[in-house]
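See structure below.
The values are calculated or read from the model by the stated rules, or taken from the named source; none is laboratory data. Bear in mind that the values here come from a model prediction, so they are computed numbers and not experimental data. Heads up, the Cβs are rebuilt from the backbone with ideal geometry, glycines too, and the neighbour counts pull from every protein chain shown. Ligands, DNA and RNA are excluded from the accessible area calculation, which covers all protein heavy atoms including side chains. Shrake-Rupley method; radii C 1.70, N 1.55, O 1.52, S 1.80 Å.
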Amino acid sequence: MVEGAVVEGGTSEAESCDVCIVGTGAGGGILAYELARAGLKVVSLEQGSLLREDHFSHIDPYGATKDFGVRAHSRWPSDPHEAFFANRLFAPPEHASARRRPDGFLQYQVFAVGGLQTLWNGVSLRFSAEDMADWSVSYDALERHYTAVEQLIAVCGSRDGLSVLPDGHYSAPMALRPVDRLLSEALGRMGDSKALAIQNRKAILWRQGHAQDCISNGACAFGCPVGAVYNFPRRLLPRIVRLANYRLITQAKVTRLLTTRGGARVEAVAYLDCKSRTEKRLQAKLVVLAAGAVESPRILFNSTSEAHPHGLANRNDQVGRRLQDNPKTVLSTSLWKLWQLGRKGRSYDIGYGDPLLLLAEARLPDGEPFRFIGHDSHLVPSVPYYLSGLQGFPPRLKRQLARVLFHSYVTLGLFCGGDPNPANRVQAGKTCDAFGVPQVEIAYQTAPKTQAKLAAMEHWGRALLRRASATRITGQSSDRGTGIHYAGTTALSFGREQGVVDRNLRCHGLENLFVCDGGVIPRLPEKHLTLTIMALAHRLATYLVDADHAAAKDSGPRSDAVPPPP
């Protein structure tokens, strides 16, 4: 149970701190932990609530095997890939940063402590030196921070010696299951010399003797009932919440940042108490926006002043530009070679759902190569999607079919790199959310090259599944936000003409404002971005602590300093 300095909506008293962090997700959580442990006075602002520890207790890894998912209230959706997006934690349109249109960019947000990492499957991949070749931060500068984060969040995986996917600090991964071996063998039969199958890299407590160890339901992305998958509220918040120099304010919706008369510094953060709907202010020496690649630009756009008529850090019209997501192809099927497992009863551990990682390369019609990655998802289903075409069968027959097919269902997700098109952008909007705070609008078009990449990935994925004994394959491809790997809108750059933040994540032209979320990633490779956000956060924390120590050198050590973690 998390207890301590967690307050809903803040207080009526004037407050101040050394560092105000807006957001508690991948970047905000690491920052809060590292800065609070170093002794700085830190306040985290989160517009959502702290979820109860039993919030995901309804995700039962064992109950489904009693009836194989066939229940009186079972629904039979036509598209199994919609299940994840029906999660009630996703913000509704009236609360979201932008209105979601069916034909537009489908941005998804979670307003709760932990942010999108409350629904994270834990995949933790390093970017390569090639991925970061045109960044203002090199791989070498980030390498030790990758390692520190991997140790902190407990990543399991294998070391494979690949330059395209650098190795990290890992504990042992789970063993491959029959479905993983089928896919690996099918990959070998494809004769694709550019394709590899390796152990996935996951931030999860896997058989390490912890009370939060994985309970093997495979449904990590739907919310972990025990906290085995890393997130800030379950893993790091309990270590800092009782410190006198740390405070977490929930139900605190940041509306704008207030600057000094000349506009060179942020002097206060204005936020709304979501319960009382009263505005409050927090004075801070340093402010870090870690609210996400859509919400952070929204705050910047809403922070207009005489010195910043178009929003903070936007003097060169770079805020919001180059919105990216990983184009994604998802293919699902029942593998008939696994039907026998349903008759005999599963004898293997379902584990954390996707222990296999695929690395591959395809070519566009003009011959240009591009890389993509993939991982399988094989779990204990609470809804038998594999029976979606059998609505007319009587219940008894459905149950018999479910028993046979129960352990045969697999989903293959494939991801390629994003498109850093300046015209794809978040921009100031004309609508307001339910609290009266101006929202942003998203302008987004799928490039023909991206459509060709999606088609090539889908062709490759279908060929792999067919070789692995696929039956009916259900597919869906999109680059309009369903990857939920949002990037590019406050990009790292060498100068203010090309982006928003410098190599230390400080906004160009502002002395004390930083951004640390997916928005700072200028070009999204095929790999998941979460671990890189966390490594950037760790690097920023190191930079801020060093700067604070240098400033305080003449006045002696802080009285509120705390020792490093054991």
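General remarks:
- Radius of gyration (Cα atoms) of region 105-226, expressed as a multiple of 2.2 N^0.38 Å: 1.21.
- Counting only the Cα atoms, region 411-461 fills a convex hull of 114 Å³ per residue.
- A simple spin-label model places the labels of Gln476 and Thr446 1.3 nm from each other, with each point 7 Å out along Cα-to-Cβ.
- Partner lysines for Lys430 [C-alpha distance under 21 Å; skip if fewer than 8 residues away on the same chain]: Lys253
- Estimated 222 nm signal from helices in the chain, with DSSP H stretches of n ≥ 4 weighted -39500 (n - 2.57), rounded to 500: -6000 deg cm²/dmol
- Order by protection proxy (mean Cβ within 10 Å, highest first), peptides 533-541, 125-133, 209-217, 246-254: 533-541, 246-254, 125-133, 209-217
- Dipole axis of the chain (+1 Lys, Arg; -1 Asp, Glu on Cβ), positive-most option in His549, Leu45, Pro93: Pro93
- Placed amide H near Gly353: partners under 5 Å, 5+ positions off or other chain: Gly218
- Percent accessible area from carbon and sulfur atoms, the chain, protein chains only, probe 1.4 Å: 51
- Rounded to the nearest 20 debye, the dipole size of region 162-228 about its Cα centre is 60 debye, using +1 on the Cβ of Lys and Arg and -1 on the Cβ of Asp and Glu.
- Rounded to whole numbers, the Karplus 3J(HN,Hα) couplings from phi for region 114-131 are x, x, 5, 6, 5, 10, 9, 8, x, 4, 10, 10, 7, 6, 9, 4, 5, 4 Hz, using 6.51 cos²θ - 1.76 cosθ + 1.60 with θ = phi - 60°, and x at Gly and Pro.
- Scalar couplings 3J(HN,Hα) for region 264-269, obtained by applying the Karplus form with A = 6.51, B = -1.76, C = 1.60 to θ = phi - 60°, are 8, 9, 8, 9, 7, 10 Hz; x denotes Gly and Pro.
- Hull-based mean projected area of region 163-254, where the convex hull spans the alpha carbons, in square nanometres: 10.2
- A convex hull fitted around the alpha carbon atoms of region 226-283 yields 135 Å³ per residue.
- Angle between the chain longest axis and helix 530-551 axis [Cα atoms, degrees, rounded to 10]: 20
- J(HN,Hα) series, region 234-245, from Karplus relation 6.51 cos²θ - 1.76 cosθ + 1.60, nearest Hz, glycine and proline x: 8, 10, 9, 4, x, 7, 10, 5, 8, 6, 5, 9
- Convex hull of region 428-566 built on C-alpha atoms - directionally averaged projected area, nm²: 15.9
- Computed with a 1.4 Å probe over protein heavy atoms only, the accessible area of Glu279 comes to about 90 Å².
- Folded to 0 to 90 degrees: helix 139-153 orientation relative to the chain principal axis, Cα: 70
- Placing unit charges on each Cβ (+1 for Lys and Arg, -1 for Asp and Glu) gives region 449-528 a dipole about its Cα centre, and among Ala463, Val515, Gly483 the Cα reaching farthest toward its positive end belongs to Ala463.
- Region 273-329 - Kirkwood radius from inverse mean 1/r over Cα pairs (Å): 13.7
- Degrees between helix 448-467 axis and first principal axis of the chain (Cα, 0 to 90, nearest 10): 40
- Antiparallel %, DSSP beta bridges [both residues in the chain], to 5: 70
- For the chain, the normalised intensity computed at q = 0.08, 0.09, 0.10, 0.11 Å⁻¹ comes to -0.52, -0.66, -0.82, -0.99 (log10 of I(q)/I(0), Debye sum over alpha carbons, equal scatterers, no solvent).
- Scoring 304-311, 353-360 by mean Cβ neighbours within 10 Å over their residues and listing the highest first yields 353-360, 304-311.
- A 1.4 Å probe run over the chain, with the rest of the protein chains in place, finds 40 Å² accessible per residue.
- Applying a DSSP loop filter and a limit of 15 other Cβ atoms within 10 Å to the chymotrypsin sites (Phe, Trp or Tyr not before Pro) in region 410-446 leaves Phe435.
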